[in-house]
Amino acid sequence: MADDLLVIIPTRGRPQAVPEIVKAWDDTEATAHVLFAVDTDDPELAAYKKHATALKGDGRVRFVFGKRRRLVGTLNQQAVKAAKQYRFLGFMGDDHRPRPAAMPWDARIRECLSGGPGIVYGNDLLQGENMPTAVAMTSDIVTALGYMAPPAMVHLCVDLAWKDWGVGMGRITYLGDMVIEHLHPANGKAELDAGYEEVNGAEMVSADSAAYYEYRDGGGLEVDLVKLRALVEEAS
């Protein structure tokens, strides 16, 4: 079904990404729904609202406008709500672009996750198998944990946590031939704008790295893995 997978894209300061992402959906024949989550204090709010009006007729595309909660806060808020409706939930940054393949990427996600609780990710052409910088999971994971990403983090290192979840529950799939390209300054595919400067600055790197290691080594990850492994046992 077309309405069983929702991809949440928190976005700020990059309204030009909206038509590019919709075109990527068209080019890949994707039927997954996509939710653009926009901050009401975004300097580019008017441009985002213009795109929202223009795309009203596209049944795949939704917009939500709300208080700024940063990437993790926004993702978690929307994912918890969406988990009540969608079987599968995905995350992409506004700098990710799915690329065409023999089988549409969203169809492959559905196929991989249809067997029960789990996590799947593709090749972003930057981190590859190392990190799921874009990810999809069964929505029961979000329901069981109460979030889609550890809330102690603001923006960075959540991909490390997603991989920890999948490995720890024994239900993670990497699809190297499913390309969801990450257009990032680190690989020379994007300009260093204000958004990148904010989230890749020394202060953010230090804070989110510390939050991740505390989560991983301080007991938080193990608490979550107990819940995730229980999901797998219930489904088997």
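The values are calculated or read from the model by the stated rules, or taken from the named source; none is laboratory data. Owing to the predicted nature of the structure, the values given are computational and were not obtained by experimental measurement. FYI the Cβ positions are ideal-geometry reconstructions off the backbone, even for glycines, and counts take in every protein chain you see.
MET153 fails exactly one of the following numbered conditions: (1) modelled with pLDDT under 95; (2) surrounded by 21 or more Cβ atoms within 10 Å (Cβ to Cβ). What is the number of that condition?
Condition not satisfied by MET153: (1).
What's the total number of residues in the stretch 97-110 that are buried (at least 21 other Cβ atoms within 10 Å of the Cβ) and in contact with an Asp or Glu (Cβ under 7 Å, 6 or more places away or on another chain)?
In the first step, residues of the stretch 97-110 are kept if they are buried (at least 21 other Cβ atoms within 10 Å of the Cβ); the result is 97-98, 105-106, 109.
This time we only want the ones that are in contact with an Asp or Glu (Cβ under 7 Å, 6 or more places away or on another chain), so: 97.
Residues flagged as buried (at least 21 other Cβ atoms within 10 Å of the Cβ) and in contact with an Asp or Glu (Cβ under 7 Å, 6 or more places away or on another chain) within the stretch 97-110 amount to 1.
Select, from ASP159, ASP164, ASP217, ASP140, the only residue that is touching a Ser or Thr at 6+ places or on another chain (Cβ under 6 Å), at negative phi and modelled with pLDDT of 95 or more. Let's see the steps before the verdict.
Working: ASP164 fails: touching a Ser or Thr at 6+ places or on another chain (Cβ under 6 Å); ASP217 fails: touching a Ser or Thr at 6+ places or on another chain (Cβ under 6 Å); ASP140 fails: touching a Ser or Thr at 6+ places or on another chain (Cβ under 6 Å).
Result of the check over ASP159, ASP164, ASP217, ASP140: ASP159.
Restricting attention to the stretch 199-236, which residues are of a type in the set (Val, Ile, Thr), touching a residue at least 24 places away in the same chain (Cβ under 8 Å) and closer than 24 Å to GLY115 by Cα? Step through it out loud before you land on a result.
To start, the set of residues in the stretch 199-236 that are of a type in the set (Val, Ile, Thr) comprises 199, 205, 223, 226, 232.
Then keep just the ones that are touching a residue at least 24 places away in the same chain (Cβ under 8 Å); that gives 199, 205, 232.
Result: VAL232, single match.
Of all residues in the stretch 148-168, which are over 19 Å from VAL199 (Cβ atoms) and among the aromatic types (Phe, Trp, Tyr)? It would help to see each step written out before you state the result.
Taking the stretch 148-168 and keeping what is over 19 Å from VAL199 (Cβ atoms), we get 163-168.
Passing the criteria: only TRP165.
Scan the strands (runs of 3 or more DSSP E) fully inside the stretch 1-82 and keep the ones with 2 or more residues being touching a Gly at 6+ places or on another chain (Cβ under 9 Å).
Working: elements: 5-11, 33-39, 61-66.
Of the strands (runs of 3 or more DSSP E) lying wholly inside the stretch 1-82, those with at least 2 residues that are touching a Gly at 6+ places or on another chain (Cβ under 9 Å) span 5-11, 33-39.
Filter the stretch 111-133 down to residues that are surrounded by fewer than 18 Cβ atoms within 10 Å (Cβ to Cβ) and among the hydrophobic types (A, V, I, L, M, F, W, C) and give me whichever is modelled with the highest pLDDT.
LEU125
Assigned to a helix (DSSP H, G or I), in contact with a helix residue (DSSP H, G or I) (Cβ under 7 Å, 6 or more places away or on another chain) and β-branched (Val, Ile, Thr): which single residue out of VAL154, VAL120, VAL142 fits that description? Lay out the reasoning, then the answer.
Numbers: VAL154 fails: assigned to a helix (DSSP H, G or I); VAL120 fails: assigned to a helix (DSSP H, G or I).
After ruling out the rest, the residue left standing is VAL142.
Please work out if ASP177 is out of contact with any strand residue (DSSP E or B) (no Cβ under 9 Å at 6 or more places or on another chain) and on the phi < 0 side of the Ramachandran plot.
Judged against the criteria, ASP177 is not a match.
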